[in-house]
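The next block holds one structure in the form of structure tokens; read it before the comments.
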Amino acid sequence: MASGDGHSLRVNISVVDGLVVLSLFGEVDIASVPILQEHFQRQFAEGSQRMIVDLEGLDYLDSTGLGCVTAARRQAREAGGDLLLVCTRQRVLRLFNITGLDQVFVICRSVAEATARLQGNEP
């Protein structure tokens, strides 16, 4: 499933080993963050509590995007689940480092690593 509605963000949703993976492509900013929020809310409404957000396809992430992902993580954890990130892109990782969110999120190097962690099979 993919969407974008002509905005600078595209979200692909897949299931890997029973876990929902939201792969983000393009830009998450004040204009596109409602698209991302809608995807998160749809997943929560469908009962997904453990998710992986793959940031490898992002070119840009601003503070509204960080806030959206942080809120989704909080919602997942309140429901007894978790939300892990996949990111190796230095430009995006730098935002997490600067804001201290790298101490809040589990940031993995691959979807396989994140899947293993969420399933309790950490490498």
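We did not get these values from a lab; they are worked out from the coordinates using the rules stated. Fair warning: this is a prediction, and the values are worked out from it, not measured in the lab. Don't worry about glycine lacking a Cβ; one is built from the backbone with ideal geometry, like all the others, and counts go over all protein chains shown.
For the chain, what does the helix formula give at 222 nm: sum of -39500 (n - 2.57) over DSSP H segments with n ≥ 4, over the residue count, nearest 500 deg cm²/dmol? List each step's numbers first, then the result.
On the way: 4 runs with 47 residues, N = 123.
Result for the chain: -12000 deg cm²/dmol, rounded to the nearest 500.
Ratio of region 62-123's C-alpha Rg to 2.2 N^0.38 Å, to two decimals?
This ratio for region 62-123 stands at 1.12.
Region 25-119: which trypsin sites (Lys or Arg not before Pro) are DSSP loop and have at most 16 other beta-carbon atoms within 10 angstrom?
Numbers: sites: ARG42, ARG50, ARG73, ARG74, ARG77, ARG89, ARG91, ARG94, ARG109, ARG117; in loops: ARG89, ARG109.
Here the trypsin sites (Lys or Arg not before Pro) that fit, given the DSSP loop and packing criteria, are ARG89, ARG109.
Below 8 Å between Cα atoms, with a sequence gap of 6+, how large is the relative contact order for region 10-62 in percent?
47
Report the charge-dipole magnitude of the chain in Debye, nearest 20, computed about the Cα centre from +1 at each Lys and Arg Cβ and -1 at each Asp and Glu Cβ. Don't jump to the answer; show the numbers that get you there.
Details: 11 positive and 15 negative charges, 43 e Å.
Here the size comes out at about 200 debye.
Taking every pair of Cα atoms in the chain, average 1/r, invert it to obtain the Kirkwood radius, and report Rg/Rh to two decimals. Walk me through the numbers before you get to the answer.
Details: Rg = 13.2 Å, Rh = 14.2 Å.
Reported Rg/Rh, Kirkwood definition of Rh: 0.92.
Among the DSSP beta bridges whose two residues both lie in the chain, what percent are antiparallel, rounded to the nearest 5?
Numbers: 10 of 25 bridges.
That works out to approximately 40 percent antiparallel.
How high is the relative contact order of region 2-118, in percent, with contacts defined as C-alpha pairs under 8 Å that are six or more residues apart? Please list the in-between numbers first.
Working: 186 pairs, mean separation 26.7, N = 117.
Dividing the mean separation by the residue count of region 2-118 yields 23 percent.
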